[in-house]
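Report on the structure given below.
The values are calculated or read from the model by the stated rules, or taken from the named source; none is laboratory data. Because the structure is a prediction, the values reported are computed rather than measured. A quick note on method: Cβ atoms are made from the backbone with ideal geometry, for glycine too, and the neighbour counts reach across all protein chains shown. Ligands, DNA and RNA are stripped out before the accessible areas are found, and what is left, the full protein with its side chains, is counted by its heavy atoms. Shrake-Rupley method; radii C 1.70, N 1.55, O 1.52, S 1.80 Å.
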Amino acid sequence: QVAPCYGKNGHPSLDPALILKFLFLLFFQKVSSERDFFEQLPLRLDWLWFCDYDLDEPTPNHSVLSKARKRWGPKVFDQFFLNILEQCHQAGLINGQTIHVDSSQIAANAAIERARPQLRQVCRQVTDKLDDAQADTIEDTIEDGGQDGGDTVSRTAVSPVDGDARIGSKPGETVLGYKDTRAVDDQCGIITATITTPADVHDAHELVPAVAAHEANTASEAGTVVTDSIYGTADNYQWLQQQGKRCCIPHQRHGTRTNPEVSHDRFTYDPQRDCYICPAGELLHRYDQQSQNGGVRYRAARAVCEACRYFKDCVQSRHWGRQIRRNDRAEVIAWADNCGSREHRRRLQARRRYKAEGSFADAANNHGFKRARWRGLASMQIQNLLIAAIQNLRKLLRYDRFGRANHGILRSTLA
């Protein structure tokens, strides 16, 4: 049951399905704003037909859309997304066994130049100049989050017009905004899950929720998970191994060299002697029990390395020989690196670039994905759910092989 929404100046209530049609057209046709949409609506015969309007029938005010979003919240639009996803499943477009997980940043409807530190950071600067009693009183008030409890004050800079947006960075891109993490089925590229977070949330933290959302939405268990290296953490590997899943996730390799003959993966670990063997056959012995980032470090003698032909390409330290750090969960990392043959992993990564990254490219080019229309996390969830639902519906119309009329599918979905 969806609450009705009233227009401006006492306009009669509108059918919730009609409002969904308005929002559908807004993103499907990539109209710049809600005002522009309602200005164009009386002039477009196809839009009027789709929305069941007569030529001389008055159209509502644009405010009905903002009222509907605030009143309904993301729950209604999530059900709309699941409705289309279920039709894709019934049409045989979802296999559910192999999924691709990826994320993309969305610029907020706010200027990054106006982002300012939050109250916590400002108060820390103030309390440094006060005595201990006054500083403790201010810090206790901040920790309590006012009277509501919880950590209500973020540690990062925020915008004065969009308090939910955060500054996030990816290679070559720094934005104030949000991040959309998607699970995309391998068979036809159907989006099975979409999770919206602030842009400063690390991608690796969203792998488990994305896989869980995929399995809940499709009622099928994912057998193979394919992502890029930013998701390649020991925590994710361990969770996938415990769940009995396979993965194609290259981990981030540290300590690489220009000469591939002395790269980290060319060093062999000997568990019996607890040492590493370098490509030249020399031993690297343990010299530190635990590093700050976790794991154990191994090092070769400086004199031994200086006599090696790889010395200039292998050693970077001015005082020690070659050093290697072994992760304390190296076994689970080795398991992830050996899930499937090299050729099979390359093929899956190529399909990920086509399916997952292609899904984001299509959303950006055809539906205005890369720019937030509204402000606030709830509104961004609505935007991403609508765009994902529209992309799935386009694939449903394209791949349908059961002889159903395309317009009939479209109209029944929105009803």
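Tabulated results
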| read-out | value |
| --- | --- |
| Count of residues meeting criterion [assigned to a helix (DSSP H, G or I), small (Gly, Ala, Ser) and modelled with pLDDT under 95] in region 191-215 | 1 |
| Residue within region 117-125 that is of a type in the set (A, V, I, L, M, F, W, C) and either buried (at least 19 other Cβ atoms within 10 Å of the Cβ) or modelled with pLDDT of 85 or more (or both) present | no |
| Only one of GLN187, GLN238 that is assigned to a loop (DSSP other than H, G, I, E, B) and open to solvent by 30 Å² or more (accessible area, probe 1.4 Å) | GLN187 |
| Pick from region 224-242, criterion β-branched (Val, Ile, Thr) and more than 15 Å from the chain's Cα centre (by Cα), ranking: modelled with the highest pLDDT | THR224 |
| Answer from CYS247, CYS305, CYS278 - the residue that is within 23 Å of ARG352 (Cβ to Cβ), open to solvent by less than 40 Å² (accessible area, probe 1.4 Å), modelled with pLDDT of 90 or more and touching a Phe, Trp or Tyr at 6+ places or on another chain (Cβ under 8 Å) | CYS247 |
| Flag if ASP203 is under 30 Å from ARG114 (Cβ atoms) and either crowded, with 24+ Cβ neighbours inside 10 Å or of a type outside the set (D, E, K, R) (or both) | no |
| Within region 270-339, helices (runs of 4 or more DSSP H) holding 1 or more residues that are under 38 Å from the mean Cα position of the chain (by Cα) | 311-314, 330-337 |
| Hits in region 83-100 - residues which are in a helix (DSSP H, G or I) and either open to solvent by 10 Å² or more (accessible area, probe 1.4 Å) or among the aliphatic types (A, V, I, L, M) (or both) | ASN83, ILE84, LEU85, GLU86, GLN87, HIS89, GLN90 |
| Residue within region 315-335 that is small (Gly, Ala, Ser), surrounded by 13 or more Cβ atoms within 10 Å (Cβ to Cβ), at pLDDT 85 or above and farther than 30 Å from GLY358 by Cα present | yes |
| Residue in region 347-354 that is open to solvent by 60 Å² or more (accessible area, probe 1.4 Å) and among the hydroxyl-bearing types (Ser, Thr, Tyr) present | yes |
| Candidate set: region 55-81, residues that are under 31 Å from the mean Cα position of the chain (by Cα) and without any contact (Cβ under 8 Å) to a residue 24 or more places away in the chain; chosen: the one least open to solvent (accessible area, probe 1.4 Å) | GLN79 |
| Region 160-183: number of residues that are in a loop (DSSP other than H, G, I, E, B) and either in contact with a Gly (Cβ under 9 Å, 6 or more places away or on another chain) or surrounded by 14 or more Cβ atoms within 10 Å (Cβ to Cβ) (or both) | 4 |
| Matching residues in region 320-373 - criterion: being touching a residue at least 24 places away in the same chain (Cβ under 8 Å) and acidic (Asp, Glu) | ASP328, ASP337, GLU357, ASP362 |
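This table checks each residue for (1) at pLDDT 95 or above; (2) open to solvent by 10 Å² or more (accessible area, probe 1.4 Å); (3) part of a loop (DSSP other than H, G, I, E, B).
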{"residue": "PHE360", "(1), (2), (3)": "yes, yes, no"}
{"residue": "ARG375", "(1), (2), (3)": "no, yes, yes"}
{"residue": "GLN383", "(1), (2), (3)": "yes, no, no"}
{"residue": "ALA389", "(1), (2), (3)": "yes, no, no"}
{"residue": "ARG398", "(1), (2), (3)": "no, yes, no"}
{"residue": "ARG401", "(1), (2), (3)": "no, yes, yes"}
{"residue": "ARG404", "(1), (2), (3)": "no, yes, yes"}
{"residue": "GLY408", "(1), (2), (3)": "no, yes, no"}
